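What follows is a short report on a single structure.
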Amino acid sequence: MTNLRVAMVLELATTTGALSGAYLAGRLGGRWLYVLFGVVMAYSSLMMFRKRNTEIAGASRPAPWADRLRLHASYFDEQLGSEVSYRVSSTRIGLALMYVAGMISGLLGIGSGALKVPAMDLAMGLPIKVSTATSNFMIGVTAAASAGVYFARGDIDPFVAAPVAIGVLLGAAMGSRSLSRLKSSTIRRLFVVLLIWLSVQMLLRGWRG
Amino acid sequence: MTADVRPGSPAVLLSNVLRGGVLASLGVILAGTLVTFIRHPEYVSSPQELARLTQPGAAFPNTLRDVVAGLAELRGSAIVMLGLLILIATPVARVAVSILVFLEERDRTYAAITSIVLLLLILSFVVGTLA
């Protein structure tokens, strides 16, 4: 389900963003970033909530960049039992959003999948399952771009990271197995709940300083 | 994109790199955790001792040389760190293999785009270790 071309084009922006984030870290207060991140998450959850009943969105806007980069593709949807073709649009807006997503993950140390999925789903018109799978692929790459910095700084506590890594790897393996079988609208609804929860967490963290 | 699923093709290598990397890191992290508790039974018997492991200010291996030195002494923290480094390296390897996938499809544009992504990743590691 991963759209490798979309992933690579967008990785150009996320890795550049992560590099800028690593450069800016220490020069910027993290506090307002948490607030900004929280507000963006709240907005995304609202937009996604409005789209909650859509199974497959058909983007039919003209998309010169996506045409030239041959981003349009198809995937087999196990739940629908058929091949779903889709068109990609707003590549430039997607790139700009991914730059910000990369910068935020470099600055705050969070895998910015919560920004990537709405950017692909809402702005670029990718099906939610493709957005999720592609974001999953991209998160690792973006995280690797900033993980080196944290490792060199001695900020990675192996005994905090170990249980987190084990849990996340097992959870991700289970999640990606059910992704194909779930209804797109169910995934979007789950995502709205997750975004609201994240948004509250980030706003609280920014509030407390 | 139609994935080429012949055995030994880059597309198959791509999914094997990911699965292999994740399984290897999972195994190494578990082994490191186990070694830590076997060598320091006090972490199991005393919650206060255990809490010291995750307190801020504790020193962790933060260069490859530290990790290698720690591995030679069979230190649990170094083994766990090796597992985490494998986990960090897995997506980087996946990007490298993606270049092969695009090259085999004679897709020069995407081979170039993916190469730039790999260069940016390498650059970030260099910048990260110099800073």
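Every number here is computed from the coordinates shown, using simple stated rules; none is lab data. Since this is a predicted model, take the numbers as computed values, not measurements. Every residue, glycine as well, gets a Cβ built from its backbone with ideal geometry; the counts of neighbours run over all protein chains shown.
Quick notes
- Cα pair count fraction exceeding 34 Å, expressed as % - the protein assembly as shown: 26
- Neighbour-count order for A:W32, A:W65, fewest beta carbons within 10 angstrom listed first: A:W32, A:W65
- Amide H to amide H distances under 5 Å link A:N3 with A:T134, where only residues 5 or more positions off or on other chains count and H is placed in the peptide plane.
- Phi to ³J(HN,Hα) by Karplus 6.51 cos²θ - 1.76 cosθ + 1.60 over region A:139-156, Hz, x for Gly, Pro: 3, x, 5, 5, 5, 4, 5, 9, 5, x, 5, 5, 4, 4, 6, x, 8, 8
- Net charge of Cβ neighbours under 14 Å - reference A:V39; Lys, Arg +1; Asp, Glu -1: +2
- Taken one residue at a time, the phi angles of region A:197-209 give Karplus couplings (6.51, -1.76, 1.60, θ = phi - 60°) of 4, 4, 4, 4, 4, 5, 4, 5, 5, x, 5, 6, x Hz. Gly and Pro are set to x.
- By the Kirkwood approach, averaging reciprocal distances over each pair of separate Cα atoms, region B:10-130 gets a hydrodynamic radius of 16.6 Å.
- Amide H partners (placed H, <5 Å) of A:D77, local residues excluded: A:S82, A:E83, A:V84
- Averaging the sequence gap over all C-alpha pairs within less than 8 Å and six or more residues apart, then dividing by the number of residues, gives region B:10-130 a relative contact order of 33 percent.
- For B:T36, A:T15, order by how many other beta-carbon atoms lie within 10 Å, fewest first: B:T36, A:T15
- Computed about the Cα centre, the dipole magnitude for the protein assembly as shown is approximately 820 debye when only Lys and Arg (+1) and Asp and Glu (-1) carry charge, each at its Cβ.
- Contact order normalised by residue count of region B:66-131, Cα under 8 Å, 6+ apart, percent: 21
- Of the trypsin sites (Lys or Arg not before Pro) found in region B:48-131, those that fall in a DSSP loop while having at most 11 other beta-carbon atoms within 10 Å are B:R106.
- Note that region A:78-174 shows a convex hull volume over its alpha carbon atoms of 96 Å³ per residue.
- Within-11-Å neighbourhood charge of A:F76 [Cβ basis; K, R +1; D, E -1]: -2
- Relative contact order (%) - chain A, alpha-carbon pairs under 8 angstrom, separation at least six: 38
- Note that region B:45-51 has calculated 3J(HN,Hα) couplings of 7, 10, x, 5, 5, 4, 5 Hz, one per residue in order, obtained from phi through the Karplus relation 6.51 cos²θ - 1.76 cosθ + 1.60 (θ = phi - 60°); glycine and proline are x.
- Peptide B:74-81 has a mean of 3 when you count, residue by residue, the C-beta atoms of other protein chains within 10 Å of its C-beta.
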